[in-house]
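Read through the structure below, which is laid out as structure tokens, and then see the notes.
What follows is calculated from the coordinates using simple rules that are stated; it is not laboratory data. Being a predicted model, the structure only gives us computed values, none of them experimental. Every residue, glycine as well, gets a Cβ built from its backbone with ideal geometry; the counts of neighbours run over all protein chains shown.
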């Protein structure tokens, strides 16, 4: 720390700071203004939990390191270095006014911390630069100029800092000081104009991230409404929410979403990073407003399985998936619906179920619900209309478990499709019809149990977006898990083979249930092992988002997970969702080599029922 | 360009078809109805021509009891401008001469440039109404169109022929064309279309008096002799019996 | 005469459906004691008349008119109408071909006489002659009768009668003429052409050879292809075969593939899984070959063979080539 700065220097410094900060604020405000035009409001509920989440994900880099260990850790070095440098930077500018913030001794002591960190930052930024510019993983996309600049800036900053701590001649020290200062100023100018805005926005975005997934806005359709009401509602469909707009500006272009996307991994064109986020950035800036959702690539939008892996993995808290937004525009505004889905929607409208069926042998066999029964057993179209005939046995295995545990249950005679396919495919009108019908049927029901996570998600969370829901919904694995934990049923470890579990994306991510199925399965198997990508990081089976009904089977979205199961060498794969069950059944057979025996596909209820110890202790009537 | 599209409401592919006790028809109260598939394609083709032309009118015409208003509304929701509903009960009605006569009466003052209809209905499947109507109204006709091109007072259609062959035919207007499924991608009614359809005109008219020239004596389930014939013997014997079945029973050789 | 058969030209030979109409007419004539005659028209009328005269059909009426040189709906409809007026038959028989579907309804309209189409059988046991037609996508049958006096126009479905059942014999040839005017013909046709078999359109295929997982491995696919070629059939498969990458998805039949309703569906090494069955249960005849006697496919088949398809297919192919 040498010599006083001249008046001219201080003047230049002041002007510089002013210009740079103005530029920063201007660009930041330009984007925030657009965010504030978005629909709905930013959430502040559960404040403490939100703060804690920011600390975990931002400060402790939970998803950044979790998703990609080494690059994440290297980024962490740079990040923590930045934090440590905060005080140093303020002090640096204060020095420019000949008014250092720290005393000599504080400065020296603090440098014992900062110098090692600056080395770590250099290591971090060097490895990351190598990865980005030499190794060039696909997810990072095209060469990024701003990343190059930032790499240069950070390196210069670290080097000039270290030099500044050494004994230098006054001139060299001064030049070094100015170099550091100009680099910081350039950095500040660059930040809001590039993806490096995440420096500011990521913690904020993580704070505002919705707790409920999915968080798509409900589409309230009033058929009796006026034409003006309808027009207003339809034009609203092109508008993003505040949260969504904030997401677009927070995106750090890391491509984790692309890496996990099952449609992309199955050979489709869908690239969540670009199609759902970055394609919308320039339109937002150009329009200065949020009504840009029609810029989403339509073909990519139809490929999405709505599994939310992209949202789960995003390190800056983005709700990436936007298939709902583009599909609803295509269906409600444009009337452009792929043929196979037109048939599906017609079936739902005409017969109240996805298959256009008029009778269900399974439904006829099961007891009917009356208010004295403990649970309403919700079947769902898949089970009810035997979309995979083997699954019927799984439903009956579950009822057997309920019988043994002495739990009473009944089904709805007039159960219509929960509406999940219509909801996910953008036909909110058909969804409204089904939802209203079902809500009426469920008016005196208190507890619902179902083996279909898609139904559970809709009955519990999606319906609640439109009207108050008076019943609680459980997935059958949750009921079974509880029965086992409470000792109300006894299960033996009868399965000796290698057993694994495929987490259904709707159950693990959207309903946040990963433990109950494991309780049930591990109680019945000696040799349980986890698949790669399990729990909340599960890889979707490919049937979600209405894709079960998709005709053209170009691409292998439906096979990627099946391939993983085959490679895992499991004897049995257990699933907790009828669609996953069906997909495993279809996918495993052609992929299993001839030399290996067939991999068994079972539902959680199958595993438990097969290993149930049926005591005479409880002979209650269901 | 004024285009009429004949649409029919028929039982859906998965609908139950319970036969009435007198075997004269199916019990309509138990049937799930939809728009006839090839009519849907015909409608889309007409709407497409209107859009490409920039102006014109697409009028939907349909014959049947009050329940058919559902498919009429569907057609209006997809973009047809107005509709004509010849209201009459139609159990066991199979005669295309009678049907076409009703339409000829209803449409005679409209001066359509084109009449489109599906090549046949998924219920009785006579496949004649569109051609007969065209003939009755003095129009040129063509059937099983797989593509259309309108221009210069003519319409060119790509007729489907046997075994993967096609033929382009040029017709002077006015013309009546029957449309084959698959030639385009039918649209789904947009929400705005559905709401707007409520306000579009459906002119309900009385049918004229027309005698039927062919009638349905009875309708019945074919003898499901799905007694699977198991063919046995040595490989050579089985092959021989298969060839025999192909030639003499199934008649594909 | 009482029964008039309209024969169709297939490049200088009588179209197979024409021969089937002859068989039908002979059966009806036999049962009802009716006389027969056949009509040939178009540019190949002379050649067709020669061929027709070798069948036991009474008379062959030959129409040569320059305006009938190439097919037009107006030309043919008017010509046939006039011949019918000249001959005053009770029944006029057609084969239900693409051409007949195009012009026969016009004849019906011109004469205001009914056209009973696409019949699969005719029954002369009762008081009235009753024709049987499929309805509701072949889920139901119907008995149809014409009202009023003749002529009644009738078309029979392909292979409702067998062309080989047409009895040979001899028939006299007579020329007839019709009164046509160029202004009657409101269409202009180009030459027919064949389209590149790019997409596999199974939905309109008459014959399909379909393979399931039982085909075993990719190397066996050519066996099935040869069989299909020998039968003149399209090749299809169930989803697992496509998923394994052995055939492109265009061949897939089933709930997530195409729906088919061929005259014959030959299911090789297929279990009969429901996702597949829903795509092919509309087939008129299902023949299944599978080594598992319990395979569900046998429940919906008309003919079943329990055996090893790898053994049977080549032998079947050879036998077909010899046919």
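Given a cut-off of 13 Å, what percent of all Cα-Cα pairs of the range C:263-313 lie beyond it? Write out the running numbers ahead of the final one.
Working: 622 of 1275 pairs.
Here the tail beyond 13 Å accounts for 49 percent of pairs.
If one takes the longest principal axis of the Cα atoms in chain A, at what angle in degrees, from 0 to 90 and to the nearest 10, does the Cα axis of helix A:198-208 lie?
Approximately 30 degrees, to the nearest 10.
Would you please give the FRET efficiency between residue A:119 and residue A:90, computed as 1/(1 + (r/R0)^6) with r the Cβ-Cβ distance and R0 = 25 Å, to the nearest 0.05?
0.70
Report the convex hull volume per residue for the range C:3-184, counting only C-alpha atoms, in Å³. Show your work: numbers first, answer last.
Working: hull volume 20.1 nm³, N = 182.
So the per-residue hull volume is 110 Å³.
When Rg is the radius of gyration of the Cα atoms in the range A:24-173 and Rh is its Kirkwood radius, what does Rg/Rh come to? Can you show the working numbers first?
Numbers: Rg = 19.0 Å, Rh = 18.4 Å.
That ratio equals 1.03.
In which sequence would A:501, C:55 go, from the one with the fewest C-beta neighbours within 10 Å to the one with the most? It would help to have the intermediate numbers written out before the result.
Details: A:501 30, C:55 25.
Starting with the residue having the fewest Cβ neighbours, the order is C:55, A:501.
Students often check this: by mean Cβ neighbours within 10 Å, which of C:278-285, A:406-413, A:164-171 ranks highest, and how do the rest follow?
On the way: C:278-285: 19.8, A:406-413: 18.1, A:164-171: 11.6.
Peptide ranking by packing, descending: C:278-285, A:406-413, A:164-171.
So for the range A:344-482, averaging the separation of alpha carbon pairs under 8 Å that are six or more residues apart and normalising by length, what relative contact order in percent results? Walk me through the numbers on the way to the answer.
Numbers: 193 pairs, mean separation 35.1, N = 139.
It comes to 25 percent, rounded to a whole number.
May I ask you to derive the relative contact order of chain C, considering only C-alpha pairs under 8 Å and at least 6 residues apart, and to give it as an integer percent?
On the way: 676 pairs, mean separation 48.2, N = 323.
Computed over chain C, the figure is 15 percent.
Checking a compactness column here: for the range A:519-608, what do you get for Rg(Cα) / (2.2 N^0.38 Å), N being the number of residues? List each step's numbers first, then the result.
Numbers: Rg = 13.2 Å, N = 90, 2.2 N^0.38 = 12.2 Å.
Output field value: 1.08.
Show me, bin by bin at 20 Å from 0, the whole-percent P(r) of the protein assembly as shown based on Cα pairs.
Result, from short to long distances: 10, 32, 32, 18, 7, 2, 0 percent.
Given springs between every Cα pair under 10 Å in a Gaussian network model of chain B, which of B:166, B:112, B:103 has the largest fluctuation?
Maximum fluctuation in the GNM of chain B, among the listed residues, is at B:166.
Specify the angular offset, from 0 to 90 degrees and rounded to the nearest 10, of the alpha carbon long axis of helix B:69-78 from the longest principal axis of the alpha carbons in chain B.
70
For a distance above 17 Å, tell me the whole-number percent of Cα pairs in the range A:227-334 that qualify.
Working: 2935 of 5778 pairs.
The answer is 51 percent, as a whole percent.
Only Cα pairs under 8 Å and at least 6 apart count here; give the relative contact order of chain A as a rounded whole percent.
Numbers: 961 pairs, mean separation 80.3, N = 622.
Answer for chain A is 13 percent.
Would you tell me the mean number of C-beta atoms belonging to other protein chains that fall within 10 Å of each C-beta in B:179-190, as a whole number? The partial results should precede the final answer.
Numbers: counts 0, 1, 2, 4, 0, 0, 5, 4, 5, 14, 7, 10.
Mean inter-chain Cβ contacts per residue within 10 Å come to 4.
For residue B:220 paired with residue A:596, estimate the spin-label separation in nm (one decimal), with each label point 7 Å from Cα along the Cα-to-Cβ line.
For residue B:220 paired with residue A:596, the spin-label model returns 5.5 nm.
Can you order the peptides A:455-466, A:30-41 by their average number of other Cβ atoms within 10 Å per residue, highest first? Kindly include the intermediate steps, with their values, before the conclusion.
Details: A:455-466: 21.8, A:30-41: 16.6.
Output ranking for A:455-466, A:30-41: A:455-466, A:30-41.
Run lengths n ≥ 4 of DSSP H only: what is the helix-derived mean residue ellipticity at 222 nm for chain C, with -39500 (n - 2.57) per run over all residues, to the nearest 500?
On the way: 8 runs with 91 residues, N = 323.
Value at 222 nm, helices only, nearest 500: -8500 deg cm²/dmol.
Express in whole angstrom the spacing between the alpha-carbon centres of the range C:275-317 and the range A:119-153.
Using only Cα atoms, the two centres lie 60 Å from each other.
Need one number: % antiparallel among DSSP beta bridges in chain A, to the nearest 5.
Details: 2 of 25 bridges.
Bridges in chain A that DSSP calls antiparallel: roughly 10 percent.
Could you work out how far the C-alpha centroid of the range A:462-524 sits from that of the range A:3-48, in angstrom?
48
Please identify, among B:129, B:185, B:141, the residue showing maximal mean-square fluctuation in a Gaussian network model of chain B using a 10 angstrom Cα cutoff.
Top of the fluctuation ranking is B:185.
What are the radius of gyration and Dmax of the range A:373-492, computed over its Cα atoms and given in Å?
Just the Cα atoms of the range A:373-492 yield Rg and Dmax of 14.7, 48 Å.
When Cβ neighbours within 10 Å are restricted to other protein chains, what is their mean count per residue of peptide C:143-149?
5
Sorting A:101, C:235 on the 10 Å Cβ count, fewest up front, what's the list?
Numbers: A:101 14, C:235 19.
Fewest-to-most Cβ neighbours within 10 Å comes out as A:101, C:235.
Between the range A:251-302 and the range C:66-105, how far is it from one alpha carbon centroid to the other, in angstrom?
60
For residue A:365 and residue A:482, what does the FRET efficiency come to when R0 = 25 Å and r is the distance between their Cβ atoms, rounded to the nearest 0.05? Provide the component values of the computation, followed by the final result.
Working: r = 26 Å, r/R0 = 1.03.
Computed FRET efficiency for residue A:365 and residue A:482: 0.45.
For chain B, just run the numbers: alpha carbon Rg, then divide by 2.2 N^0.38 Å, N being how many residues it has.
Numbers: Rg = 21.1 Å, N = 253, 2.2 N^0.38 = 18.0 Å.
For chain B, the normalised Cα radius of gyration is 1.17.
Using r as the Cβ-Cβ distance of residue C:46 and residue C:70, and R0 as 22 Å, what FRET efficiency do you calculate, to the nearest 0.05? Don't jump to the answer; show the numbers that get you there.
On the way: r = 16 Å, r/R0 = 0.73.
Efficiency for this residue pair is about 0.85.
I want to verify a result. In a Gaussian network model of chain C, Cα cutoff 10 Å, which of these has the top mean-square fluctuation: C:153, C:48, C:180?
Result: C:180 has the largest fluctuation of those listed.
To the nearest whole percent, what portion of all C-alpha pairs in the range C:165-323 is separated by more than 22 angstrom? If you can, show how the numbers build up before the last one.
Working: 6154 of 12561 pairs.
Of all Cα-Cα pairs in the range C:165-323, 49 percent lie more than 22 Å apart.
Could you give the nm distance between label points at residue C:292 and residue A:287, where each point is 7 Å from its Cα heading toward the beta carbon?
Label at residue C:292, label at residue A:287, 5.4 nm between them.
With Rg and the Kirkwood Rh both taken from Cα atoms, where does Rg over Rh land for chain A?
Details: Rg = 28.5 Å, Rh = 27.2 Å.
Checking Rg against Rh, the ratio lands at 1.05.
With both bridge residues required to lie in the protein assembly as shown, what share of the DSSP beta bridges run antiparallel, to the nearest 5%?
Numbers: 41 of 140 bridges.
Antiparallel: roughly 30 percent of the beta bridges in the protein assembly as shown.
What span do the alpha-carbon atoms of chain C cover on each of the three principal axes, reported in whole Å from largest to smallest?
Projected onto the principal axes, the Cα atoms of chain C cover 63, 47, 36 Å.
I'd like the per residue volume of the convex hull spanned by the Cα atoms of the range C:26-69, given in cubic angstrom.
Values: hull volume 2.8 nm³, N = 44.
In the range C:26-69, the Cα convex hull volume per residue is 63 Å³.
What's the angle, to the nearest 10 degrees (0 to 90), between helix A:170-190's Cα axis and the longest principal axis of chain A?
30
For the range A:451-494, compute Rh as the Kirkwood radius over C-alpha pairs and then the Stokes-Einstein diffusion coefficient at 25 °C and 0.890 mPa s; write the answer in µm²/s, rounded to an integer.
Values: Rh = 12.1 Å.
Diffusion coefficient, whole number: 203 µm²/s.
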